[in-house]
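Notes for the one structure printed next.
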Amino acid sequence: MNDTRSPRRILFVGYGKLAARLAPRLLERGDEIVALRRSDGTLPAGVVGIRADLSRPLAAPLPAVDAMLVTLPPGDTVTASRAALTHLAEALPAVPSRVVFVSSTGVFEGARIAHPVTESDEPVPTTPRSAGLYDGEKAAIELFDAVVVRPAGIYGPGREFLLRKVREGAPVNHRRQTNRIHETDLVRTLDALLGMAEPPRLVHAVDAAPAPLGEVVVFLARALGVEVPPDDPSALPGGLVHDGALLRSLLGSLEYPTYQAGYAEMIAEAPGPTRSLGA
């Protein structure tokens, strides 16, 4: 991997879990981080906060930065993300030399694609959410020449939605095809794309183990020592299989290549009685 790192000023647009995990890696290298967010609150040493709401034009210009990471939540309407990015562009004195925009494999929501989906497959949005996500990507490219990352099913410590569902025994769609990425590997991906000399223009951030949701919940139930959640008979089969070969070539290897590896660690480190981790 050809890397061009040197101390830089990096703007984080949005400061959620991903940004908070990435920040220490960049600060350790001597980078300066500016965090643009809608709320106040404590930030780690070395991160300078700016409060702003991108749903409207910013009252003051933003500082010049060398790179930018955009991790905004999807807008409520198809045009909301485009409006927010336009206000961001208007407030910057110049387009940063590297911009990474975090989207989602949800751009394919509702699509019917028989083969494993790769970065060469063009989304054809069929829902308001997928249309909004895709328009946000296009705006980021038009305004910032952004590198786009599409994560699927982010999980890891503090992201335990599926574990809670299994513990509750709530019905799930066993037949839906699912993909996921451990937060650690997604943070590594963002770190790499911010520093590479010639990054790919689009990356699907998925691990090497796409699987029907039923297979995943069976593994989790056995590891937790609880009953397998029933299948939801009213749910239709759906979902897609995403190919993560490009991501694996980018990172060399994943720290959590399968959901078994990632969830087993989460369960083992959770407080409470030790559970069997056999599949």
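The values are calculated or read from the model by the stated rules, or taken from the named source; none is laboratory data. Values in this document were obtained by computation on a predicted structure and should not be read as measured data. As a convention, Cβ positions derive from the backbone with ideal geometry for all residues, glycine included, and neighbour counts pool all protein chains shown.
Kindly establish whether residue 189 is under 26 Å from residue 141 (Cα atoms), modelled with pLDDT of 95 or more, hydroxyl-bearing (Ser, Thr, Tyr) and buried (at least 17 other Cβ atoms within 10 Å of the Cβ). Reasoning before the result, please.
Details: under 26 Å from residue 141 (Cα atoms): yes; modelled with pLDDT of 95 or more: yes; hydroxyl-bearing (Ser, Thr, Tyr): yes; buried (at least 17 other Cβ atoms within 10 Å of the Cβ): yes.
Against the criterion (under 26 Å from residue 141 (Cα atoms), modelled with pLDDT of 95 or more, hydroxyl-bearing (Ser, Thr, Tyr) and buried (at least 17 other Cβ atoms within 10 Å of the Cβ)), residue 189 qualifies.
Go over the candidates 92, 133 one by one and state the one that is touching a residue at least 24 places away in the same chain (Cβ under 8 Å) and within 21 Å of residue 154 (Cα to Cα).
Exactly one residue qualifies, and that residue is 133.
Among the residues that make up region 84-99, is at least one of them assigned to a loop (DSSP other than H, G, I, E, B), of a type in the set (Gly, Ala, Ser), at pLDDT 95 or above and closer than 18 Å to residue 12 by Cα? Explain how you work it out, then say what you get.
First pass over region 84-99, keeping only residues assigned to a loop (DSSP other than H, G, I, E, B): 92-97.
Remaining after also requiring of a type in the set (Gly, Ala, Ser): 94, 97.
Checking which are at pLDDT 95 or above leaves us with 94, 97.
The next check asks that each one be closer than 18 Å to residue 12 by Cα; those that pass are 94, 97.
Yes, there is a match, as at least one residue in region 84-99 is assigned to a loop (DSSP other than H, G, I, E, B), of a type in the set (Gly, Ala, Ser), at pLDDT 95 or above and closer than 18 Å to residue 12 by Cα.
With respect to the numbered conditions (1) over 24 Å from residue 121 (Cβ atoms); (2) in a loop (DSSP other than H, G, I, E, B), which one is the sole condition not fulfilled by residue 208?
Every listed condition holds for residue 208 apart from (1).
Quick one: what pairs do we get from region 187-200, first residue under 17 Å from residue 119 (Cα atoms), second part of a loop (DSSP other than H, G, I, E, B), C-beta under 7 Å, 6+ apart or different chains?
193/199; 198/2
Which of the residues spanning region 228-237 are surrounded by 15 or more Cβ atoms within 10 Å (Cβ to Cβ) and not charged (D, E, K, R)?
Our first condition is that a residue be surrounded by 15 or more Cβ atoms within 10 Å (Cβ to Cβ); within region 228-237, this holds for 228-229, 231-232.
Those that are surrounded by 15 or more Cβ atoms within 10 Å (Cβ to Cβ) and not charged (D, E, K, R): 228, 229.
For region 226-239, enumerate the residues that are over 11 Å from residue 172 (Cα atoms) and either at pLDDT 95 or above or outside any loop (DSSP other than H, G, I, E, B) (or both).
226, 227, listed by residue number.
Looking at (1) surrounded by fewer than 16 Cβ atoms within 10 Å (Cβ to Cβ); (2) part of a helix (DSSP H, G or I); (3) touching a Leu at 6+ places or on another chain (Cβ under 6 Å), which is the only condition residue 139 fails?
Unmet condition: (1).
Pick out the one residue from 29, 25, 38, 51 that is in contact (Cβ under 8 Å) with a residue 60 or more places away in the chain, surrounded by fewer than 16 Cβ atoms within 10 Å (Cβ to Cβ) and more than 23 Å from residue 177 (Cα to Cα).
Numbers: 29 fails: in contact (Cβ under 8 Å) with a residue 60 or more places away in the chain; 38 fails: in contact (Cβ under 8 Å) with a residue 60 or more places away in the chain; 51 fails: in contact (Cβ under 8 Å) with a residue 60 or more places away in the chain.
Result of the check over 29, 25, 38, 51: 25.
Would you be able to say whether some residue in region 142-159 is more than 30 Å from residue 224 (Cβ to Cβ) and without any contact (Cβ under 8 Å) to a residue 40 or more places away in the chain?
yes
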